[in-house]
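The values are calculated or read from the model by the stated rules, or taken from the named source; none is laboratory data. Everything numeric in this text was worked out from a predicted model, so none of it was measured. Reconstructed Cβ throughout: ideal geometry from the backbone, glycine too, with neighbour counts over all protein chains shown. Remember, those area values only see protein heavy atoms, side chains included, never the ligands or the DNA or RNA. Shrake-Rupley method; radii C 1.70, N 1.55, O 1.52, S 1.80 Å.
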Amino acid sequence: MCGSDKKLGEIRALILVGGYGTRLRPLTLSRPKPLVEFANKPILLHQIEALVEAGVTQVILAVSYRADDMEKELTEQVSKLGVSLTFSHETEPLGTAGPLALAKDLLNTSTEPFFVLNSDVICDFPFKELAKYHKSHGKEGTIVVTKVEEPSKYGVVVYKDDGQIESFVEKPQEFISNKINAGMYVLNPSVLSRIDLRPMSIEKEVFPFMAQDGQLYAMELQGFWMDVGQPKDFLTGMCLYLNSLRQKNSDKLHDGAGVVGNVLIDPTATIGNGCRIGPNVTIGPNVIIEDGACIKRSTILRGACVRQHAWLDGCIVGWRSVVGRWVRMENCTVLGEDVIVKDELYINGGQVLPHKSIALSVPEPQIIM
Amino acid sequence: MLKAVILIGGPQKGTRFRPLSLDTPKPLFPIAGLPLIQHHIAACAKLIECKEILIIGSYTTTHMAQFVSDMQKEYHVIIRYLQEFTPLGTGGGLYHFRDQVRAGSPTAFFLLNGDVCADFPLKELWGFHEERPSALVTIMGTEATRQQSVYYGCMVREATTKAVTHYVEKPNTYVSTLINCGVYVCSLQVFHTMAEAFQRKQDGFYSANGQNGAHPGYMSWEQDVLSPLAGTNKLYAMQVSNWWSQVKTAGSAIYANRHYLELNKTKLEAPCQIYPDVYLHPSAVVDSTAVIGPNVSIGAGVTVKAGVRIKESIILNNATINEHALVMYSVVGQEACVGEWSRVEGTPSDPDPNKPFAKMDNQPLFNTDGRLNPSITILGAGVIVPAETILLNSIVLPHKHLTRSFKHEIIL
């Protein structure tokens, strides 16, 4: 048996799916956030696949909203991966720590540590390294941290050179550090004794105490990281992800006439003549891109159609939507499911709710209901 | 024998037509494929009695020479350009060149403002004038809304004879909804009236020792001739309901473009999908996948590449519109260039379609907040718009090479 592929025992993972996904509206009005396709695959599936590769055999989803939809869709796909999926349904929102208490019985079935991750996170998932590092220091918990440009938007993590965490500072006013909590942890089941079954924040009510006790360590993430919970970051995350695919020399990326930079195109999509696609574009299944269209830094979801000579930059086009001929869309325009944009319009930063037909230009950012 | 006089002003006039008038004299600006005053000339030439057309203005002859010679060849009427030695107002030029007008003893002459557009009813106007032997001047009038009438010359008429009993130019308060269209028929005796007005002005000039500013030959046709003639049974007005509009701004050029295209429908061998009405110069090169119209005029030597969409716009000579671009409610200047996938878009300022007799508004450039009023987008001559940019409600002065998108701005 080769050592590099050692399975790490009955490892479980808990994914905090949480609630309504309001920041990713209008997309999340039609589908639960974890099922929104990121680079042509539901975000949750990116995470579960990475967990499975690290030897996880049971995934617990802590959800508070639309659990049934997700159960229906995911169970089949996930079973193909050979991992079991369990739903832990919060009837009231339990914050970022409470769900662990809710799932206590499932998590306590083994003395092995378990993974916890935030469902909005996309990165080069380091679960194998995380588990190894956690075993090496032998303390109660390890948090993945990542370097960001604007740390004051997040919770900053202060830690010693050997990795031991000293403190957390939420949204600091003055620069303290540029390392933040990346939303992925590995915890020993003993941590569960620190969590009650009530709304609890893991960053505010659990981690600081673990840090005080010297039981919390930080592992720096290599490579890209993004919280894709809102459209602007969703697109940035997509660019980072595609770039990472390129560096791994993936043949998943598309090449050919009219393709510029990193582009992901589902095999069932059709692209017309004279188009320019990319850089940083993902095109989903059954999408039709007609002649002469130019698409940059955008995601086109399943079944959508971009008609002739349209020009898109920094947009998310929802499932089955139609973008008319000669339309210009830019500045983080998000079309919900089944939106129709009539020919020749200009949409600048529009957020369009599902099933809407747009007949007038939107020259300044606006929400269209 | 009849004659026609077309008054065209000079470079000091028509400043609201900038930047289009920075490269081309406004009277020569092409609308529906023809220079603005060619529409006047064509209307006059339709009357076989009209033997000579005199164009009076203060542009230099060099500006006008080519145009005049082209018009002669086209219409087989004597056409001459008379340059005022100094701007003499709406009446002074006519009076100064009265001998030219009177030469050959025409029975009467038409007088037309160079900056109006209309379905000119010259034959009917002449007939109306002939029926009234005492008439010195017959004015073509049309109905306006109460609010808008104060921006024009307003006339009150006697009901049966149609004599104008009162005329006031741009009153401060409402006088009448019947406004002066700037198109007239005049008998030669009108020069006597002008001579009296001229005399009064001379006396005033010399008694003030030349201190009251304007050249002594300066005369206003409206203030110095029409106004005094009102109430003397020598001034008449014929009301018409034909389409009529002033052309003061680029926005009104787009509006006039639409109406002239409708009036002068041409048979087009469509090189691509066309929504009528469209004027396409024979030397323009248009890709078969382009979609043009409605209400588009494309000048000589223009190149329209694949997948382009143009509507409600005027594209001047030798401009280039690159692949997949969209141009609407805009004027693209001579030799200008619009990059691939770009969007050049303006906002129309048409008359309110809900109000009968509404005219164009001729808004000021800026509103009371100091912001640019949405209007037709204009690219001056030689302007370059790079690929994939948007130009919305903006005005770009000639020869500017843009490097990014602009909205609601004037780019010098």
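Some notes on this structure:
- Cross-link reach is defined here as a Cα-Cα straight distance under 17 Å, omitting same-chain residues fewer than 8 places apart; for A:LYS160 the aspartates and glutamates meeting it are A:GLU140, A:ASP213, A:GLU220.
- Beta bridges assigned by DSSP with both partners in chain B are antiparallel in approximately 30 percent of cases.
- Among the listed pairs A:LYS342/B:LYS305; A:LYS252/B:LYS305; A:LYS232/A:LYS342; B:LYS265/B:LYS400, those with a Cα-Cα distance over 31 Å are A:LYS252/B:LYS305; B:LYS265/B:LYS400.
- Peptide B:398-408, shielding by other chains (average Cβ, 10 Å cutoff): 1
- Beta bridges by DSSP in chain A, antiparallel share as percent, to the nearest 5: 25 percent
- For the peptides A:321-328, B:268-275, B:64-71, the ranking by packing is A:321-328, B:64-71, B:268-275, with the highest mean count of neighbouring Cβ atoms within 10 Å listed first.
- Using alpha-carbon coordinates, inclination of helix A:127-137 to the longest axis of chain A, degrees: 20 degrees
- Region B:100-166: C-alpha gyration tensor shape, a/c 1.5 cut-off, then a/b vs b/c: oblate
- Net charge contributed by nearby residues that have their C-beta within less than 15 Å of B:VAL77 (K/R +1, D/E -1): +1
- Cα-centred dipole magnitude for chain B, charges only on beta-carbon of K, R (+1) and D, E (-1), debye, nearest 20: 340 debye
- Each part reduced to its alpha carbon centroid, region A:284-317 and region B:33-76 end up 52 Å apart.
- Exercise: per-residue mean of other protein chain Cβ atoms within 10 Å, A:345-352: 1
- Peptides B:353-359, A:155-161, A:310-316 ranked from most to least packed by the mean count of surrounding Cβ atoms within 10 Å: A:310-316, A:155-161, B:353-359.
- Antiparallel bridge percentage (DSSP; both residues within the protein assembly as shown; nearest 5): 25 percent
- Euclidean distance between Cα centres, region A:137-173 to region B:301-343, Å: 55 Å
- Helix A:231-247 and the longest principal axis of the Cα set of chain A meet at an angle near 80°.
- B:ILE410/B:LYS51 FRET efficiency (R0 60 Å; Cβ-Cβ; nearest 0.05): 0.85
- Region B:239-324: relative contact order in percent, alpha carbon pairs under 8 Å with at least 6 residues between: 22 percent
- Averaged over peptide B:75-88, the number of partner chain Cβ atoms lying within 10 Å of each residue's Cβ comes to 0.
- Mean Cα-pair separation over length for chain B, i.e. relative contact order, pairs under 8 Å, 6 or more apart, %: 13 percent
- Overall form of chain B per C-alpha gyration tensor (a/c, 1.5; a/b vs b/c): prolate
- Cα gyration tensor, region A:96-139 - rounded (a/c under 1.5), prolate or oblate: oblate
- Computed Kirkwood radius, in angstrom, where 1/r is averaged over Cα pairs of the protein assembly as shown: 31.5 Å
- Using alpha-carbon coordinates, inclination of helix B:36-45 to the longest axis of chain B, degrees: 50 degrees
- Assigned charges on the beta-carbon of Lys, Arg, Asp, Glu; the protein assembly as shown dipole about Cα centre (debye): 1400 debye
- Remark: relative contact order (chain A) = 13 percent; criterion is Cα-Cα distance under 8 angstrom and separation of 6 or more residues.
- Ligands, DNA and RNA left out, the 1.4 Å accessible surface of region B:275-330 is 53% carbon and sulfur atoms.
- Among B:109-121, B:225-237, the order from most to least packed when residues are scored by Cβ within 10 Å on average: B:109-121, B:225-237
- The lysines within cross-link reach of B:LYS162, meaning a Cα-to-Cα straight distance under 17 Å and a gap of 8 or more places when in the same chain, are B:LYS234.
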